[in-house]
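This report concerns only the one structure given below.
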Amino acid sequence: MSKRLFVSVDLDGLADAVREVQGRFEGADGLRLTDPEQAHVTLTFLGDTDPDAVDDLVTELEAAVAESGVDPFGAHVGGLGVFPSLSYISVVWVGVRDGEGDRELTALHEAIEARTTAMGFDAEDHDFTPHATIARMDHAGGKERVQTVVRDEDPDVGRLRVEEIRLTESVLREDGPAYTTVESIPL
């Protein structure tokens, strides 16, 4: 049975701050909050993966980290955004501040995607924006509330030290996805 995998940087230690930012959207009908304890920046989504390919995948991720030239670094998480647009909101996210971890995350993403696409995984079909999803819109009932908060507020979530990337398995359940670290790859 295949595993649903992605490569991430977890927002370790920032769950309370993520929860506080999520609270700013209180009363927004149709908005489903993600678990702040599982907040992460997805570097590459791999999707369904043959378990027999995991060892090779880890080897390729180690090579990608080395090729990226990225050493452990600090990242500053803050600000709000949405995908795909404020007029049609599917995802609400907190970002990584310009010049404070975004370049390193982008370099990691590019190196990882080069290695994983060479293995046969699909490339992302959109530009990489370092972010952590904090909510999803199931319907537009509370769209105006979400638009107002995203436009008018610029919350500071906090800083973290990024010392590894994680190969993560996502298991979809009725109450939301559950994430498990398959392997940690140090920078």
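Laboratory data are not the source of any read-out in this text; all were calculated from the coordinates shown. None of these values were measured; they are calculated from a predicted model. In this analysis, Cβ positions are derived from the backbone assuming ideal geometry, glycine residues included, and neighbour counts consider all displayed protein chains.
What the table below lists for this structure:
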| item | result |
| --- | --- |
| Interchain or long-range residues, amide H under 5 Å from VAL91's placed H | PHE83, MET137 |
| C-alpha center-to-center spacing [the stretch 1-45, the stretch 64-79] in angstrom | 19 Å |
| Charge dipole (the stretch 1-97, unit charges on Cβ, about Cα centre) - positive-most of PRO72, TRP93, GLY47 | TRP93 |
| Dipole moment magnitude, nearest 20 debye, the chain about Cα centre, only Lys, Arg, Asp, Glu C-beta charged | 620 debye |
| J(HN,Hα) series, the stretch 59-66, from Karplus relation 6.51 cos²θ - 1.76 cosθ + 1.60, nearest Hz, glycine and proline x | 4, 5, 5, 4, 5, 5, 4, 4 |
| Helix 102-118 axis, angle to the chain major axis (alpha carbon atoms, nearest 10°) | 50 degrees |
| Geometric extent, Cα atoms of the stretch 1-60 - Rg, Dmax (angstrom) | 15.7, 46 |
| Given charges at Cβ of Lys, Arg, Asp, Glu: the chain dipole, positive-most of MET119, SER2, ALA135 | ALA135 |
| The chain: relative contact order as a whole-number percent, Cα under 8 Å and 6+ apart | 35 percent |
| Alpha carbon convex hull of the stretch 3-186, projected area averaged over orientations, nm² | 10.0 nm² |
